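Working notes, structure below.
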Amino acid sequence: DAKTTQPPSMDCAEGRAANLPCNHSTISGNEYVYWYRQIHSQGPQYIIHGLKNNETNEMASLIITEDRKSSTLTLPHATLRDTAVYYCTLLGGGSNYKLTFGKGTLLTVNP
Amino acid sequence: DAGITQSPRHKVTETGTPVTLRCHQTENHRYMYWYRQDPGHGLRLIHYSYGVKDTDKGEVSDGYSVSRSKTEDFLLTLESATSSQTSVYFCAISPNIHEQYFGPGTRLTVT
């Protein structure tokens with residue numbers, strides 16, 4: 001019963017922006033959108049999260065649509081080290097501690 | 001990287017034996033988590049802790065117990081290991097309920 005939907009894979013050229021979409025049409029009012037990534041054989045890495053405003057940090061930007069039913073994670077200048085599986089997930093309300101990942105998007109950054 | 005280590009990193013054990021995995025942090029974060037990650041099931045929460053001696057069950061807690069007697073250590077014990085507990089185990093820490101920082105993982109094989 002995945003609450004988020006992501007494309008299984010995407011490609012991006014090195015140095016270009018990588019825009020990863022996520023649909024979460026059943027998001028509830030108190031749920032945050034979180035993005036993590038996992039490089040092969042490593043532990044997941046927190047990237048960013050947001051509730052309804054756009055967010056930016058040193059790694060990425062998060063744009064959440066006004067109706068909050070979808071979001072886009074942007075890596076402004078992708079490098080080969082950004083090749084990873086990116087997970088979009090929701091947390092909040094009664095599931096405060098229950099971080100779960102679906103299948104995510106495998107982003108491959110090509111030279 | 002967040003100051004979080006897991007030990008051992010790899011372990012092979014026989015069915016029916018007890019196993020303890022250790023998560024150690026140097027960040028003094030309040031929250032600590034144990035997850036398992038399996039192909040086809042994604043990331044699943046086993047147990048979590050919201051303070052010393054304060055723990056609670058996650059979605060796949062059967063067959064696992066935890067203890068947290070100090071802020072920096074969170075132990076996961078498999079009382080009697082089974083083959084279905086063969087997995088990669090990740091510990092995570094968090095200063096709040098938002099971003100979680102993961103350890104490098106422990107690969108456990110139960111034969």
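For the stretch B:76-100, residues that are within 21 Å of A:Tyr87 (Cα to Cα) and polar (S, T, N, Q) total 4.
Which of the residues spanning the stretch B:17-35 are touching a Gly at 6+ places or on another chain (Cβ under 7 Å) and either more than 16 Å from B:Asp54 (Cα to Cα) or surrounded by fewer than 20 Cβ atoms within 10 Å (Cβ to Cβ) (or both)? It would help to see each step written out before you state the result.
Initial filter on the stretch B:17-35 (touching a Gly at 6+ places or on another chain (Cβ under 7 Å)): B:23, B:25-27, B:30.
Result: B:Gln25, B:Thr26, B:Glu27, B:Arg30.
Considering only residues in the stretch B:52-64 that are out of contact with any Phe, Trp or Tyr (no Cβ under 8 Å at 6 or more places or on another chain) and open to solvent by 40 Å² or more (accessible area, probe 1.4 Å), the one that is nearest to B:Arg36 (Cα to Cα) turns out to be B:Glu59.
For the stretch B:83-105, which residues satisfy the criterion of being more than 15 Å from B:Leu21 (Cα to Cα) and surrounded by fewer than 20 Cβ atoms within 10 Å (Cβ to Cβ)? The answer is B:Ser83, B:Ser84, B:Pro95, B:Asn96, B:Ile97, B:His98, B:Glu99. Just one of the listed residues (A:Ala60, A:Ala17) is more than 13 Å from the chain's Cα centre (by Cα) and among the aliphatic types (A, V, I, L, M), namely A:Ala17. Counted as qualifying within the stretch B:16-101 are the strands (runs of 3 or more DSSP E) with 3 or more residues that are in contact with a strand residue (DSSP E or B) (Cβ under 6 Å, 6 or more places away or on another chain) and facing another protein chain (nearest Cβ under 10 Å), namely B:31-38, B:42-51, B:87-94.
The values are calculated or read from the model by the stated rules, or taken from the named source; none is laboratory data. Given the structure is predicted, the values throughout are model-derived calculations rather than measurements. Quick reminder, even Gly has a Cβ in these numbers, built from the backbone with ideal geometry, and neighbours come from all protein chains shown. Just the protein is used for accessible areas: all its heavy atoms, side chains included, with ligands, DNA and RNA removed. Shrake-Rupley method; radii C 1.70, N 1.55, O 1.52, S 1.80 Å.
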